[in-house]
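Worksheet for the structure shown next.
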Amino acid sequence: MIKINGKVLDADFISQYGSNSVEGKVLDILMSSNEVYNYSSLNDLKFELSVRRSIVNASKSLNKSHMDFSVFRKSRCNPEFWYRTGEGGFELKSGVKPSDAIKDIYINSSKYATECATAMVIVYYKALVDVLPEQLFNRLFPRIYLMNWQHLSYNLGIVDYIRVSDYLPGDCRYFKNPDVDPVKPEWQGENVFLLDNGLYYGHGIGISSGERIIEILNKKRIKGSTVSAYLLPSAKRLDFKYLSNKYYEFPTRQKVEFNSLESNRESNLS
C-alpha cells in the first residue's frame, strides 16, 4: 500500500501509467504489498518512479554498449575525460563537466572496460544525468571517482538494505558465488539491476534470468564444489527522498513529467 502524507494513494494517479511501463510495474508491486510505503508528498513518489525508470533504461543502454568487462588491472577509460588511477579506477579530470564524462561512457563505450560493481555505479550516475538538470547534477557530483563501491559520492546516498519486503525495478542486487575458483576471483559474485521484466542486468553477463546467472556462476566454482551460487536477499537503493528534495529545491529545475504516453514511448525504445 502507498500512502501520501498519511492518505492512501488515489487510484486516478496510478491509472495514468501503462501497466507495462516501469512506473506502472513499480506502483503495482507497492500497492499490492502488505507493507505500507509512506511518502511525504506526491512529488517524492513521482521522482522515485522517474529515477527507477531511468535506472532500468540506463542498464539496458549499457548492456547494448561496447564497454568491455575487465578486472581492475586491465581496466581502461577515455583519457579525454578520466584519469585511470593505479588501482584501476576512473577519476574525473579537472575542468571536465561531470555530466559530460558520464555521458561519454555511453557515447564512446568501446574506450571503456571495468568490472561489474563499477558498472552499477555508472548506471546510477547515468540515470541521474537523465533526470536531474545538468547544473544540479554537476553541483551534486563535482568529483567522481569510479571504483566499485568505494569512493561513492555522499549525494548518491546509496543505502544497502539487508532485506526488503518487495523488490522493485531499479533495485541493485547481488548473486554470491561462495565457492568461486580462487584463480578467477572476479566471478565471486555478480552485481545486477532488477529490470522491469523480471530479468537482471549484470555487466559481463548481460541481461538474463536469475537462474541463468546462477548457472553461469556455478561454472566458475572451485573443482568438485557442490555449493551453488545464490541471490542474496539484500538490495541497494538510492536515497530517493534526499535527491527528490534537491531536485525540487533547485530553482531552475525541469519538471518531472509522468504520463502513460511518455512511459510507453521510452519502454518501446529500450
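Placing dummy labels 7 Å off each Cα toward the beta-carbon, the span from F250 to V36 is 3.3 nm.
From the P(r) of the chain, could you give the percentage of C-alpha pairs in the tail past 31 Å? Don't jump to the answer; show the numbers that get you there.
On the way: 9713 of 36315 pairs.
Result: 27 percent of Cα pairs exceed 31 Å.
Summary of the geometry: the stretch 172-245 and the stretch 1-25, compared by the centres of their Cα atoms, lie 30 Å apart.
FRET efficiency for the pair R163 and R143, taken as 1/(1 + (r/R0)^6) with r the Cβ-Cβ distance and R0 = 35 Å, rounds to 0.60. The calculated 222 nm mean residue ellipticity attributable to helices in the chain amounts to -11000 deg cm²/dmol, summing -39500 (n - 2.57) over DSSP H runs of n ≥ 4 and dividing by all residues. Looking at the chain, send over the antiparallel percent of its DSSP beta bridges, to the nearest 5. Within the chain, antiparallel bridges account for around 80 percent of the total. Each of A113, V164, P251 was scored by the projection of its Cα onto the charge dipole of the chain, and the greatest displacement toward the positive side belongs to A113; charges sit on the C-beta of Lys, Arg, Asp and Glu.
Close amide H pairs (under 5 Å, H built 1.01 Å from N) link A229 with N218, residues at least 5 positions away or on another chain. Remark: the chain carries a charge dipole of roughly 620 debye about the Cα centre, counting +1 on each Lys and Arg Cβ and -1 on each Asp and Glu Cβ.
Taken over the C-alpha atoms, the stretch 47-166 has Rg and Dmax values of 13.8, 43 angstrom.
Step through the table entries K64/K241; K176/K219; K184/K219; K46/K97; K64/K111, compare each Cα-Cα distance with 19 Å, and write down the pairs that go over it. Intermediate values should be presented prior to the final figure.
Working: K64/K241 30 Å; K176/K219 13 Å; K184/K219 11 Å; K46/K97 27 Å; K64/K111 14 Å.
Table pairs above 19 Å Cα-Cα are K64/K241; K46/K97.
Classify the stretch 138-206 from the C-alpha gyration tensor, please: rounded if a/c falls under 1.5, else prolate or oblate depending on whether a/b exceeds b/c. Write down the numbers at each step before the final one.
Working: a/c = 1.94, a/b = 1.26, b/c = 1.54.
Oblate, because a/c is 1.5 or more while a/b does not exceed b/c.
Taking the number of Cβ atoms within 10 Å of each Cβ as an exposure proxy, the fewest-first ranking of K3, K60, K25 is K3, K60, K25. Is the stretch 168-249 best put as rounded, prolate or oblate by its Cα gyration tensor, with a ≥ b ≥ c the root eigenvalues, rounded for a/c under 1.5, and otherwise prolate when a/b is larger than b/c, oblate when not? Prolate, since a/c reaches 1.5 and a/b exceeds b/c.
Averaging Cα coordinates gives a centre for the stretch 35-53 and one for the stretch 77-106; these two points are 31 Å apart.
Each value in this text was obtained by applying a stated rule to the coordinates, not by laboratory testing. Bear in mind the structure is a predicted one, so any value in this text is a computation, not a measurement. Backbone-built Cβ (ideal geometry, glycine too); neighbour counts: all protein chains shown.
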